[in-house]
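Taking it in order: structure first as structure tokens, then the write-up.
The values are calculated or read from the model by the stated rules, or taken from the named source; none is laboratory data. Small disclaimer: the values here were computed from a predicted structure and weren't measured. Here Cβ is always computed from backbone atoms with ideal geometry, including for glycine, and neighbour counts include all displayed protein chains. With ligands, DNA and RNA removed, areas are computed over all heavy atoms of the protein, side chains included. Shrake-Rupley method; radii C 1.70, N 1.55, O 1.52, S 1.80 Å.
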Amino acid sequence: MIKNKRYIIILVVILGICFGWNTNVFASSVSIKSSKSIVDAGETFTITVSGSDATGKININVSNGNVSSSSSNYVGGIIGRAINKVELTDEIVDGNVSGAKYTGGLVGSTEASGSIITNGTMKGTTSGGQYTGGIIGQSKYTTTISNSFVENTVTGTSSQVGGLIGYADTSSTSYLTTIEDSGMKSSVSGGQYTGGLVGQDTGKIVITNSYNQGTVTGSSSYTGGLVGGASTMSITNSYTTGNVTGGNSYVGGLIGNSGTTTVTNSYATGDVTGTAGNSVGGLVGSASTVTLSNSYATGNVAGYDSNIGGLIGYNTGGTINKCFSSGNVTQTYSSANANYIGGLIGQNYATINNVYALGNVTTRVTGSSYVGGLIGYNYTGNITNAYSRGSVNNNTGSSRDVSIGSVYSGSRTNIYFIADTSGADSSNYAQRIDTIGAYNDAYAGFSFTDIWDIQDGVTTPYLRGLIIDPKNYYTTGSVYYRQGRGTIDNPYLIYNEEDLYQIRNSKYGHYKIMDDITITTYTNWTPIPQLYGSIDGNGKTITGLKTTSGSFIKQAYNVSIKNLTFKDIEFKSNSAYNGIIGQVTGTATLENVDIDGGSISGGTTVGAKTYNYTGGLIGYVSSNATLTNCDVEVDVSGKQYTGGIIGQVVGEFTSTSNTVTGGISGTDYTGGL
């Protein structure tokens, strides 16, 4: 019911549909004005219709606000079908509108160039078949929607469904759809070509200062947070916040698929999912010539098959500048042919400058190829000033890399990946940044005066003028905040047990222990999986370290430890490698590292043979070890290769002024040092 509405309401003029009048509503240009600003239920009021060929008055008795003709075409809350130009201003539809083909919350179909809707509002639901929109079901030729909003759901059972316009027919380049200062506040669902603002535009569309805050669900291809599909498109200062789900190919946070595409100062924050098909992106599913600047996507992206990216699934050329994505990217199909998956872009042909990706990349199947933390496959296009932070999962497949899966052509300048958050050691196409705590001087070539910025000791690099994403901060996810930079000159500072435990999250870091530490929380210590850096014990003591997993550090690469004492340790393990460090690959340098009491025992059985490498300080060194002024007072027992300091060294062993006190026992290859 409509009662005491203090605005002009024009609800039901469905000519040729509900009342059997001529569906060709207007002979020529027409303006509409109501005689009432306050309408009560059951009250008769007057609408004045004027134009060069139509002048008259229509009396309407408003009994309720719903317009329903589910089996009829051309249904609108105000006008069913406008053959010639229509202009509506300050119109509000408060009821629900439902029809078949060509259904609009305000107008079912506008069929002349120059139609304009200004300050329109649709408060009720809109439901129909093909060509269903919250403001206009179908618009032809040049059409403008300004300062207009849809506040309730739009549902279409067929194709071309949009929050504002279902289908915009602007196939000639001389025609244009313009949407400005307008928005969709609820959900949109439909079939092929479903969009938060526009389902499909066949020509050119310009969207400025507009938004969609609701979810968008398309049961087929071409689904977008703002636009499902278009030939030529420009989006400026616009955004989406709802999740977008497409039932087949071409799904994007802003755009499902488009030809020539320009996106400026715009963003999408919802999750984007393609449940089948390919070409899924956090901002754009697929585009031909693309110009993206100052834009970003933060939602997680899940695609079924190929061409999946945190920002763009697939493009065939253009430029991308000052953009980023932060969501995780996942490929869900079980086919080994699911390829081209990237943290930023799945498959790229564009020139790229000043971009980054923060999310992890995961493929479901073994055999997926062209997978990268930044770009899956760079067919062509130069890439300058870029980095990635996330990991790429370890499913087998060709052309997988923490940065770029594979490159066909194009130069690469100043491309980086962060090692301790990605878990990777090297890249074929990018330089390694050891720790997330690296300052701006580690990112050579980045302009930190006008394009990039960083909060030293707090964030990774981010782009000026865009948001600082939560994943830019060290404290997000598995990254543990600590003082220092993690470099040799400015190491991470370790004050307590938790700081010590979190070494595992920055394996390339350099550390300095600032206080004596007694282990009371991690009473069955899980070894630090890998360490590539160094630990300066600073003369401090770690007391009460106990584990059933064999070591304090499981595996170290070219590691250095100095000035540190372990007191009252207890290592019991079935692991093959046992000691303060289980296994060293490369070089180990230990100086003034002491053990003050305790025991280490280890051994494992493989088949019929029992073996292990057990040492007081190191179980196994694959290359060479240098130990200086180490005092080891501990009982060591093992199977094969047991030593008071090192179980086995394959290579050179240099020992200077080291002492061992305690019992040593083993079955084969047992030595005092």
Inset, instruction - With both partners inside region 491-613, how many of the DSSP beta bridges are antiparallel, as a percent to the nearest 5? - result: 5 percent
Inset, instruction - Set the Förster radius R0 to 41 Å, insert the Cβ-Cβ distance between Ile467 and Gln431 as r into 1/(1 + (r/R0)^6), and round the FRET efficiency to 0.05. - result: 0.95
Inset, instruction - Could you check how much of the accessible area of region 275-327 is carbon and sulfur, as a whole percent, using a 1.4 Å probe? - result: 43 percent
Inset, instruction - Using the structure shown, select from Lys507/Lys639; Lys512/Lys562; Lys101/Lys185 the pairs with a Cα to Cα distance greater than 21 angstrom. - result: Lys507/Lys639; Lys101/Lys185
Inset, instruction - May I ask you to give the percent of accessible area on region 128-199 that is carbon plus sulfur, with a probe radius of 1.4 Å? - result: 37 percent
Inset, instruction - Sort 370-379, 558-567 for me by packing, meaning the mean count of neighbouring Cβ atoms within 10 Å per residue, highest on top. - result: 370-379, 558-567
Legend entry - Ordering of 186-195, 451-460 by burial proxy (mean other Cβ atoms within 10 Å per residue, highest first): 186-195, 451-460
Inset, instruction - State in Å² the accessible area per residue of region 531-658; use a 1.4 Å probe, count heavy atoms of protein chains only, and round to the nearest integer. - result: 36 Å²
Inset, instruction - Can you send over the solvent-accessible area of Tyr74, 1.4 Å probe, protein chains only, in Å² to the nearest 10? - result: 40 Å²
Inset, instruction - Just the number, please: carbon plus sulfur as a percent of the accessible area of region 349-495, 1.4 Å probe, no ligands or DNA/RNA counted. - result: 43 percent
Inset, instruction - With a 10 Å radius around each residue's Cβ, average the other Cβ atoms per peptide and rank 381-392, 97-108, highest first. - result: 97-108, 381-392
Legend entry - Between region 262-337 and region 360-393, the alpha-carbon center distance in angstrom: 12 Å
Legend entry - Per residue accessible area in Å² of region 393-446, where ligands, DNA and RNA are left out and the probe is 1.4 Å: 41 Å²
Legend entry - Candidate aspartates and glutamates for bridging to Lys572, where Cα separation is under 14 Å - those fewer than 8 sequence places away on the same chain excluded: Asp635
